[in-house]
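The values are calculated or read from the model by the stated rules, or taken from the named source; none is laboratory data. Quick caveat, the model's predicted, so the values are computed rather than measured. Here the Cβ positions follow ideal geometry from the backbone for every residue, glycine too, while neighbour counts run over all protein chains shown. Accessible surface is based on the protein model in full, side chains and every heavy atom, while ligands, DNA and RNA are left aside. Shrake-Rupley method; radii C 1.70, N 1.55, O 1.52, S 1.80 Å.
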Amino acid sequence: MPEIIQEDNDYTYAIEAGRYSKHLKLSNYPVFHHLRGISVIHGDLNVLTEKVRAYVEDKIDLCQPDTIHICDGTDRENSNLLNLLQKQGTIVPLPKYQNCWLARTNPADTARVESKTFICTEKKSDTIPTPEEGVKGSLGNWMSPEHMDKEVIARFTGCMKKRTMYVIPFSMGPVGSPLSKIGIQLTDSAYVVASMRIMTRIGQAVTNIMDDTTEFVKCLHSVGTPLNGVVENPSWPCDPERTLILHKPQTNEIVSYGSGYGGNSLLGKKCFALRIGSTIAKREGWLAEHMLILGITKNGKKRYIAAAFPSACGKTNLAMMTPTLPGYKVECVGDDIAWMRFDENGQLRAINPENGFFGVAPGTSNASNPIAMKTIFKNTIFTNVAQTSDGGVYWEGMENEINDNVEITDWLGKPWNKNSKTPAAHPNSRFCTPAKQCPIIDPLWESPEGVPISAILFGGRRPVGVPLIHEAKNWRHAVFMGASLRSEATAAAEHKGKIIMHDPFAMRPFFGYNFGHYLQHWLNMEKRTTNLPKVFLVNWFRKGSDGKFLWPGFGENCRVLDWILKRLDNEDCADNTPIGLIPKKDSLNLEGLNGIDMSELFKLDAEFWEQEINAIQKYFEEQVGKDLPPAIREECDKLKNEIKNM
Ligand code: OXD
Ligand code: MN
């Protein structure tokens, strides 16, 4: 609540969330109902600052909407939007749960589209490293600002005719926190508004703390209309052929056209919090990372850990882990993104810029993530999951969690049964659910100063060669570890089987600027503090010769976190190896766990590591070339030499 400190005839002056603000008294509001001649059908124009209004006017001229809706974030607004979406056929209610909804997208619009995602800068080399001749770069896509302007005009001119333009003021991070940032998203999708309300803080709370000096990230989104004017799927309009997601760091601008799928349309998430966020972080000296944040308490002592894993590698599961060891408690701060900076005492502090979880549904169950299952069955928008005849949801992994005689309708709206050849839920189907509903949400998850981070984890799916855990020897080695992250990914259609993809820092699809410069930025963190977090690489996914996982994972991962806590307490429980520090014999708590083949889990195979380091070196040379910081090249050479002596 704002604390009113003074008032005169026209204004009240207040302190809110530690900030000073000035509000025009209601009785003095001039009555505005139009902006650029377009009716404002909801919300108060006066809450927009001059700069926001200028931005909105500019985009009204471009997109030519029929009406304007300024989002206030109220429950009433939300239920009106949900009603509208229901009438349009975009969502259906799920009566088995409380205020839950199912959206089915156009089947051509189900995922992020990396090939259509660009960063726009004058100089190409500011955006992407120059790959070796004849090599296709895989560390982002570049477009010139002139080209961007042309593409935007071609797509957005008149794109909101017969539609409402929603204006969403939103905060990434707790409203008013010095670590938070504000955005204004314009969109023609009510689904996007309802989802942004879950994933970010929107509306009055945000406009209340804005004044004419407030900077904001400009986010323009339209689901688009195909060139021939034919909307194939009226309940989910989109334009997959011309989808384009553009970012202009110089002006803090995001423009997204043609897709309603969350990763492309909820612009606070990947576009702002990671791509534009990483460029702001570089300028301002902090880190915007694809990391979960969890708190772990052991015998009353609490520490916070941030962890970067590529998409769909179990970040949400780890962030909400139920530890199997007695005496441990895990609490969740965030499951996908961390904004981190060193405070004046040199302590790294992190906030979760998001307000909700946009999690992959398949695989989520009471066995894999009981906490998520306790979070998601109220106030949630599901997208592209299957539906049960008793008004609930279903996906692969929920086999034991539905009533025996229910009928299932798949994500495409077709009848489905267990013998069907296709999955019931789309593999990238999602739940979009408020973070505060999580029963183990951390008490400090909205703390304006962020939580203190003691350790950073990197991880991926590595069926062979990579041990359960190893610790970086020093900060440079840690940065090298992040840079050389690889993970098993389902192959693109033209490949058979699985391939191991490079995914440095789990950020490959999300870098907002040249990866070589990003590495230098990470290396520079060493100068900011004498209290650097310890860094570890974990791999829950190593398999034995029988093809079975060597480690049970899930709640048992607390045993690995326990070893990390010992290392944070400087316990002498690690042995040095060429690749880093691994647990000394018997230092990993295996009490009550049978049949773990520790020698296989931690085996370091010289041939594997030689191939691994060669692949990493080749990747760096081909993809990063002259932009690779010398310190990383040296780390690579050092490791290569050490492996020779393995
Ligand atoms: C996500 C992703 O949606 O990483 O979080 O793709
Ligand atoms: Mn993610």
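For the range 261-281, the candidate set comprises residues that are hydroxyl-bearing (Ser, Thr, Tyr) and assigned to a helix (DSSP H, G or I); within that set, the residue that is farthest from ligand 1 (Cβ to nearest atom) is THR279.
Could you check the range 297-350 and list, in sequence order, the residues that are among the β-branched types (Val, Ile, Thr), touching a Ser or Thr at 6+ places or on another chain (Cβ under 8 Å) and under 19 Å from TRP563 (Cβ atoms)?
Residues of the range 297-350 that are among the β-branched types (Val, Ile, Thr), as a first pass: 297, 305, 316, 322, 324, 330, 333, 337.
Those still in the list that are touching a Ser or Thr at 6+ places or on another chain (Cβ under 8 Å) too: 305, 316, 330.
Those that are among the β-branched types (Val, Ile, Thr), touching a Ser or Thr at 6+ places or on another chain (Cβ under 8 Å) and under 19 Å from TRP563 (Cβ atoms): ILE305, VAL330.
If you filter the range 431-460 down to residues that are open to solvent by 10 Å² or more (accessible area, probe 1.4 Å) and part of a helix (DSSP H, G or I), you find that the one that is farthest from VAL385 (Cα to Cα) is LYS436.
Evaluation of ASP546 against the conditions (1) at pLDDT 95 or above; (2) touching a strand residue (DSSP E or B) at 6+ places or on another chain (Cβ under 6 Å); (3) more than 16 Å from ligand 2 (Cβ to nearest atom) shows that the sole unmet condition is (2). For the range 545-562, the count of residues that are touching a residue at least 24 places away in the same chain (Cβ under 8 Å), within 30 Å of MET340 (Cα to Cα), within 28 Å of the chain's Cα centre (by Cα) and part of a loop (DSSP other than H, G, I, E, B) is nonzero.
Mind listing just one residue for me: the one in the range 505-522 that is open to solvent by less than 10 Å² (accessible area, probe 1.4 Å) and part of a helix (DSSP H, G or I) and, of those, farthest from ligand 2 (Cβ to nearest atom)? Going through the qualifying residues, I end up with GLY516. One residue is enough: does the range 396-403 have a residue meeting the conditions within 23 Å of ARG112 (Cβ to Cβ) and either at pLDDT 95 or above or within 16 Å of ligand 1 (Cβ to nearest atom) (or both)? Within the range 396-403, one or more residues are within 23 Å of ARG112 (Cβ to Cβ) and either at pLDDT 95 or above or within 16 Å of ligand 1 (Cβ to nearest atom) (or both).
Within the range 148-174, take every residue that is aliphatic (A, V, I, L, M) and open to solvent by less than 40 Å² (accessible area, probe 1.4 Å) and give me the one that is farthest from GLU284 (Cα to Cα).
My answer is MET160.
Restricting attention to the range 366-387, the residues being open to solvent by less than 10 Å² (accessible area, probe 1.4 Å) and more than 30 Å from VAL217 (Cβ to Cβ) number 3. Does PRO323 satisfy the condition of being under 30 Å from ASN531 (Cβ atoms), modelled with pLDDT of 95 or more and more than 16 Å from ligand 2 (Cβ to nearest atom)? When the stated conditions are applied, PRO323 passes them. Of the residues making up the range 388-407, those that are surrounded by fewer than 21 Cβ atoms within 10 Å (Cβ to Cβ), over 24 Å from the mean Cα position of the chain (by Cα) and not polar (S, T, N, Q) are ASP390, GLY391, GLU399, GLU401, ILE402, ASP404, VAL406, GLU407. Is it the case that some residue within the range 37-55 is farther than 15 Å from PRO169 by Cβ, at pLDDT below 95 and in a helix (DSSP H, G or I)? Within the range 37-55 (the criterion being farther than 15 Å from PRO169 by Cβ, at pLDDT below 95 and in a helix (DSSP H, G or I)), the answer is no, since none of the residues qualifies.
Taking (1) out of contact with any Asp or Glu (no Cβ under 7 Å at 6 or more places or on another chain); (2) touching a residue at least 60 places away in the same chain (Cβ under 8 Å); (3) more than 16 Å from ligand 1 (Cβ to nearest atom) in turn, GLU253 satisfies each apart from (2). Elements of the type strands (runs of 3 or more DSSP E) sitting completely within the range 348-407 and holding at least 2 residues that are more than 16 Å from ligand 2 (Cβ to nearest atom): these cover 348-351, 381-383, 386-388. One residue stands out in the range 297-320 among those that are within 14 Å of ligand 2 (Cβ to nearest atom) and open to solvent by 20 Å² or more (accessible area, probe 1.4 Å): the one that is nearest to GLU284 (Cα to Cα), namely SER311. Residues in the range 285-296 that are more than 16 Å from ligand 1 (Cβ to nearest atom) and farther than 20 Å from TRP563 by Cβ: GLY285, TRP286, LEU287.
Conditions tested, residue by residue: (1) under 17 Å from the mean Cα position of the chain (by Cα); (2) open to solvent by 10 Å² or more (accessible area, probe 1.4 Å).
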| residue | (1), (2) |
| --- | --- |
| SER177 | no, no |
| GLY183 | yes, no |
| MET199 | yes, no |
| GLN204 | no, yes |
| ASP211 | no, yes |
| GLU215 | no, yes |
| LYS218 | no, yes |
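Hey, among the residues in the range 321-334 that are under 29 Å from LEU267 (Cβ atoms) and open to solvent by less than 10 Å² (accessible area, probe 1.4 Å), which one's farthest from the chain's Cα centre (by Cα)? Ranking the candidates gives CYS332 first.
Quick one: would you say GLY314 is modelled with pLDDT under 95, out of contact with any Leu (no Cβ under 8 Å at 6 or more places or on another chain) and more than 17 Å from PHE515 (Cα to Cα)?
Numbers: modelled with pLDDT under 95: yes; out of contact with any Leu (no Cβ under 8 Å at 6 or more places or on another chain): yes; more than 17 Å from PHE515 (Cα to Cα): yes.
For GLY314, the condition - modelled with pLDDT under 95, out of contact with any Leu (no Cβ under 8 Å at 6 or more places or on another chain) and more than 17 Å from PHE515 (Cα to Cα) - is met.
Only one of THR117, THR127, THR90 is under 29 Å from THR433 (Cα atoms), under 23 Å from the mean Cα position of the chain (by Cα) and buried (at least 21 other Cβ atoms within 10 Å of the Cβ); which?
Details: THR127 fails: under 29 Å from THR433 (Cα atoms); THR90 fails: under 23 Å from the mean Cα position of the chain (by Cα).
After ruling out the rest, the residue left standing is THR117.
What's the total number of residues in the range 586-602 that are more than 24 Å from ASN474 (Cβ to Cβ) and either touching a strand residue (DSSP E or B) at 6+ places or on another chain (Cβ under 8 Å) or open to solvent by less than 40 Å² (accessible area, probe 1.4 Å) (or both)? Step through it out loud before you land on a result.
At the first step, the residues of the range 586-602 found to be more than 24 Å from ASN474 (Cβ to Cβ) are 586, 589-601.
Those still in the list that are either touching a strand residue (DSSP E or B) at 6+ places or on another chain (Cβ under 8 Å) or open to solvent by less than 40 Å² (accessible area, probe 1.4 Å) (or both) too: 593, 596, 601.
Total satisfying the criteria: 3.
Got at least one residue in the range 87-101 being modelled with pLDDT of 95 or more and assigned to a helix (DSSP H, G or I)?
As a first pass, look at the range 87-101 and keep what is modelled with pLDDT of 95 or more: 87-101.
Add one more test, that the residue is assigned to a helix (DSSP H, G or I), and what stays is 87-88.
Scanning the range 87-101 turns up at least one residue that is modelled with pLDDT of 95 or more and assigned to a helix (DSSP H, G or I).
When residues in the range 65-87 are screened for being in contact (Cβ under 8 Å) with a residue 40 or more places away in the chain and open to solvent by 70 Å² or more (accessible area, probe 1.4 Å), 1 of them pass. When each of VAL538, VAL560 is tested for being over 24 Å from LYS640 (Cα atoms), surrounded by 14 or more Cβ atoms within 10 Å (Cβ to Cβ), among the β-branched types (Val, Ile, Thr) and modelled with pLDDT of 95 or more, the lone residue that passes is VAL560. Look at ILE41 and say whether it is of a type in the set (Val, Ile, Thr), open to solvent by 50 Å² or more (accessible area, probe 1.4 Å) and within 20 Å of ARG201 (Cα to Cα). Judged against the criteria, ILE41 is not a match.
Of all residues in the range 432-458, those satisfying the criterion of being in contact with a helix residue (DSSP H, G or I) (Cβ under 8 Å, 6 or more places away or on another chain) and not aliphatic (A, V, I, L, M) are CYS432, THR433, PRO434, GLN437, CYS438, PRO439, TRP445, SER454, PHE458.
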